[in-house]
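Peer 1: Mind having a look at this structure? Questions to follow.
What follows draws every value from the coordinates through simple rules; no lab data is involved. As the structure is a computational prediction, the values presented were derived from the model and not from experiment. Neighbour counts run over all protein chains shown; Cβ positions are idealised from the backbone, glycine included.
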Amino acid sequence: MPLYSIAVNDSGSNPKPGEITLAHLGVLFLDELPEFDRKVLEVLRQPLESKEIVISRASRQITFPANFQFVAAMNPCPCGYAFNQDSRCQCSADAIKRYQNRISGPLMDRIDLHIDVPPLKPQDLQDTTPVENSATVRERVIKAYDLQMQRQGFLNHALSPKQLEQYAGLDDASQKIMAVAQQRLNLSARAYHRIMRVARTIADLDVQNQIQTHHVSEALSYRSQNQ
């Protein structure tokens with residue numbers, strides 16, 4: 001399908017649901033994110049906020065549901081080898097900047113978790129240290145889900161700014177951390193509230209009623225490298 005199918009799969013007078021509506025109540029995964037046309041990516045901004053997509057035509061306006069989880073992946077540079085000053089990377093600083101700037105600030109602002117995934121080293125492949133299995137992680141996620149439903153009747157991602165004050169209040173130490181972060185990172189109101197929702201979720205996964213400083217610090221760590 002053409003790229004505009006992210007929004008609709010018919011550019012005529014009778015639009016039909018596109019990828020973001022087909023992903024409703026599911027996951028929309030875009031690999032090689034900067035390779036998508038910028039105009040296409042900007043279409044995502046409105047539905048990521050409103051959970052719906054509005055298509056206007058000369059004769060009518062149609063609203064499709066678009067409540068999806070957005071997941072994207074991208075390389076650190078055009079060739080993909082910029083991690084840890086890899087000698088294979090021949091990209092100039094300007095080329096890397098142009099590549100990364102294909103993703104607009106407002107779109108990045110709407111992505112809660114920004115995570116760098118460095119390449120595996122040979123010793124990593126030989127590491128046999130036990131890790132949590134999927135069943136253990138699933139149990140912890142279910143507990144966090146139940147906590148949120150019991151506390152407010154819906155999941156943390158839907159908390160309004162006013163509800164964040166009620167259900168995600170911070171102690172003095174955590175407020176100081178957020179105040180410093182807001183100044184240093186020049187956080188928008190949207191980014192601030194998204195960080196608060198993430199911190200609330202991290203605390204729920206930790207089975208803590210009160211958000212602690214380390215929950216706030218972890219939530220901030222998922223944004224700081226991209227601000």
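Peer 1: Rank ARG57, ARG200, ARG190 by mean-square fluctuation in a GNM of the chain with C-alpha springs under 10 angstrom and give only the top-ranked residue.
Peer 2: ARG57
Peer 1: Beyond 26 Å, what share of the Cα-Cα pairs of the chain is found? Please give it as a whole percent.
Peer 2: Considering the chain, 51 percent of its Cα-Cα pairs are separated by more than 26 Å.
Peer 1: Expected output is a single nm value to one decimal: the length gained when fully extending between LYS176 and LEU155, i.e. 0.36 nm times separation in residues minus the C-alpha distance. What is it?
Peer 2: Stretched fully, the LYS176-LEU155 segment lengthens by 4.9 nm.
Peer 1: Right, here's the next one. Between LYS16 and ALA135, what's the calculated FRET efficiency when r is the beta-carbon distance and R0 is 35 Å? Round to 0.05.
Peer 2: Details: r = 40 Å, r/R0 = 1.14.
Here the calculated transfer efficiency is 0.30.
Peer 1: Then there is this: Which of ASN101, ASN75, ASN67 moves most in a GNM of the chain, Cα contacts under 10 Å?
Peer 2: ASN101
Peer 1: Under 8 Å for C-alpha pairs, at least 6 residues apart: give me the relative contact order for segment 134-226, rounded to a whole percent.
Peer 2: 34 percent
Peer 1: Could you work out [θ]222 nm for the chain from helices alone, using -39500 (n - 2.57) per DSSP H run of at least four and dividing by all its residues? Round to the nearest 500 deg cm²/dmol.
Peer 2: Details: 11 runs with 98 residues, N = 227.
Rounded to the nearest 500, the figure is -12000 deg cm²/dmol.
Peer 1: Another question, then. Suppose the chain between HIS214 and VAL27 were pulled fully straight at 0.36 nm per residue; how much longer would it get relative to their current alpha carbon spacing?
Peer 2: Answer, rounded to one decimal: 64.4 nm.
Peer 1: With the cut-off at 1.5 for a/c, could you classify segment 119-227 from its C-alpha gyration tensor as rounded, prolate or oblate?
Peer 2: Details: a/c = 2.32, a/b = 1.28, b/c = 1.82.
The shape class here is oblate.
Peer 1: How many lysine pairs are close in the chain, with Cα atoms under 22 Å apart and the two 8 or more places apart or on different chains? All intermediate terms of the calculation are to be shown ahead of the outcome.
Peer 2: Working: LYS16/LYS39; LYS16/LYS51; LYS39/LYS51; LYS39/LYS97; LYS51/LYS162; LYS162/LYS176.
So the count of such lysine pairs works out to 6.
Peer 1: Moving on to the next point. Rounded, prolate or oblate: which one fits segment 78-145, using the alpha carbon gyration tensor with axes a ≥ b ≥ c (rounded when a/c is under 1.5, else prolate when a/b beats b/c, else oblate)?
Peer 2: Verdict is oblate for segment 78-145.
Peer 1: Next up: In what sequence do SER134, SER217 fall when counting other Cβ within 10 Å, fewest first?
Peer 2: Sorted ascending by nearby Cβ count, the order is SER134, SER217.
Peer 1: What is the chain's relative contact order, in percent, from Cα pairs under 8 angstrom and six or more apart in sequence?
Peer 2: Values: 252 pairs, mean separation 34.7, N = 227.
Contact order relative to length: 15 percent.
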